[in-house]
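The values are calculated or read from the model by the stated rules, or taken from the named source; none is laboratory data. Since the structure is predicted, the reported quantities are computational estimates derived from the model, not experimental observations. Don't worry about glycine lacking a Cβ; one is built from the backbone with ideal geometry, like all the others, and counts go over all protein chains shown. What goes into the accessible areas is simple: the full protein's heavy atoms, side chains included, and nothing from ligands, DNA or RNA. Shrake-Rupley method; radii C 1.70, N 1.55, O 1.52, S 1.80 Å.
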Amino acid sequence: MDKKIIKDKSFGGERPLFGISNTRLENVTITEGESGIKCCHDIEADKCTFIGKYPWWHVDGSLITNCHFTPGSRSAVWYSRDMIMRDSVIDAPKLFREMHNLTLENVTINDADETFWNIHGLKIKNVALHNGTYPFMYCDDVYIDGLECDSLYVFQYCKNVEVHNARITTKDSFWECENVTIYDSTIEGEYLAWHSKNVRLVNCHIAGEQPLCYTEGLVLENCTFDAACDRAFEDSVVIADIRGHITEIKNPRSGHIIADSIGKITYDEFVKAPNDCLVSVR
């Protein structure tokens, strides 16, 4: 069945397009009001502008392209399934909550505060996140290829995450996560991957104080460290191949760490058993 087309229209108030299905919106504006598109399925939106609050809730099966979510459209996309968004700009906080099967490509999010919470099945390609705190909370089954992020406290309580080609400037990233693999990326910020399990970094550059502590099943392959990375690996079970210099290794619990050079190896009264980590210089 061909989709119904709604073109060059504006809709305001409360729930103006409630319950529509099999519909394509072209150059449509959702103005001031609430819940412009709600309890819908099989919806496409191209070159649309969203101004009012909560404009896209409980929608199953949607394609959003070349759209703009203005600052007023906060909490815009929640409780939805099977969404693809491409070539769009988001200037509102708290998007994407409680969702299944979400794909973003070539999307810029300029207010990423509390964005991507409880997303189950998330694919990202060439996405930028700016400002805000706590994006990617409680997400699982995440695949990322191309991410630029300067939001704070990213990736907390996540499971089954694979990241490629990212540049993340943040604080307290990948905390209490499980099954994370990061390739060809730069992660800048304090306290990387504390209290996490099964974290693997391949061809990555790490910057910031006290990285990779209190971590089980930690693996580093061909990684480099910034000079500020002191007190690394405390109370971690780790296998690490470090290229170049690392400033300080402190109280690793178990495993094997090898580097081209090491500034300082610290063991104090807080080191935990079995305290058998082999630390060596290449």
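Of all chymotrypsin sites (Phe, Trp or Tyr not before Pro) in segment 209-282, which ones are in loop regions per DSSP and have a Cβ with at most 11 other Cβ atoms within 10 Å?
Phe270
Ignoring ligands, DNA and RNA, what percent of the accessible area of segment 1-70 is carbon or sulfur (1.4 Å)?
47 percent
For the chain, how big is the tail of P(r) above 36 Å, as a whole percent of Cα pairs?
That fraction is 27 percent.
In whole Å, how far is the Cα centre of segment 139-177 from that of segment 53-126?
So the separation of the two Cα centres works out to 17 Å.
Can you compute 3J(HN,Hα) from phi for each residue in segment 139-148, using the Karplus curve 6.51 cos²θ - 1.76 cosθ + 1.60 with θ = phi - 60°, rounded to whole Hz and x for Gly and Pro?
Those phi angles translate into 9, 9, 6, 10, 10, 10, 9, x, 9, 10 Hz.
Taking θ as phi - 60°, what are the ³J(HN,Hα) couplings along segment 223-239 by the Karplus curve (6.51, -1.76, 1.60), each to the nearest whole Hz, with x for Gly and Pro?
Each residue of segment 223-239 in turn: 10, 10, 10, 6, 4, 6, 7, 9, 6, 6, 6, 4, 6, 10, 9, 9, 10 Hz.
How much solvent-accessible surface does Lys7 expose, in Å² to the nearest 10, with a 1.4 Å probe and all protein chains in place?
110 Å²
How much area per residue is accessible in the chain when the probe is 1.4 Å and only protein heavy atoms are counted (Å²)? Write out the running numbers ahead of the final one.
On the way: 11760 Å² over 282 residues.
That works out to 42 Å² for each residue.
Pairs of alpha-carbon atoms within less than 8 angstrom and 6+ residues apart define the contacts here; what relative contact order does the chain have, in percent?
7 percent
Loop only per DSSP, at most 14 neighbouring Cβ atoms within 10 Å: give me the chymotrypsin sites (Phe, Trp or Tyr not before Pro) in segment 1-88, ordered by residue number. It would help to have the intermediate numbers written out before the result.
Working: sites: Phe11, Phe18, Phe50, Trp56, Trp57, Phe69, Trp78, Tyr79; in loops: Phe18, Tyr79.
Those that pass, being in a loop and sparsely packed, are Phe18.
Distance from the Cα centre of segment 1-29 to that of segment 186-221, in angstrom?
Centre-to-centre (Cα) distance: 46 Å.
Taking Rh as the Kirkwood radius, which is the inverse of the mean 1/r over Cα pairs, what is the Rg/Rh value for segment 111-257?
The Rg/Rh ratio comes out at 0.94.
5 Å is the cut-off here: which amide hydrogens, built 1.01 Å from N in the peptide plane, fall below it relative to Glu190, excluding neighbours closer than 5 in sequence?
Asp172, Glu209
Is there a quick way to get the dipole size of segment 139-197? I mean about its Cα centre, with the Cβ of Lys and Arg at +1 and of Asp and Glu at -1; what is the value in debye to the nearest 20?
The calculated dipole for segment 139-197 is roughly 120 debye.
Non-local amide H neighbours of Lys123 (under 5 Å, H modeled in plane, Pro and chain starts lacking H): which ones?
Residues meeting the criterion, in which the H sits 1.01 Å from N, are Leu102, Thr103, Leu104, Tyr143.
Using the charge dipole of the chain (Lys, Arg: +1 at Cβ; Asp, Glu: -1 at Cβ; taken about the Cα centre), state which of Leu122, Ser21, Cys158 has its Cα farthest towards the positive end.
Among Leu122, Ser21, Cys158, the one farthest towards the positive end of the dipole of the chain is Ser21.
Suppose every Lys and Arg Cβ carries +1 and every Asp and Glu Cβ carries -1, with no other charges. What dipole size does segment 127-282 come out with about its Cα centre, to the nearest 20 debye?
Computed about the Cα centre, the dipole is about 260 debye.
Apply the Karplus parameterisation 6.51 cos²θ - 1.76 cosθ + 1.60, with θ equal to phi minus 60°, to every residue of segment 262-279 and state each ³J(HN,Hα) to the nearest whole Hz, in sequence, with x for glycine and proline.
With the stated coefficients, segment 262-279 comes to 10, x, 7, 10, 10, 10, 10, 5, 9, 5, 9, 5, x, 6, 10, 5, 8, 10 Hz.
Please list, in chain and number order, the residues 5+ apart from Cys229 or on another chain whose amide H is under 5 Å from its amide H, with Hs placed from the backbone.
Gly208, Thr247
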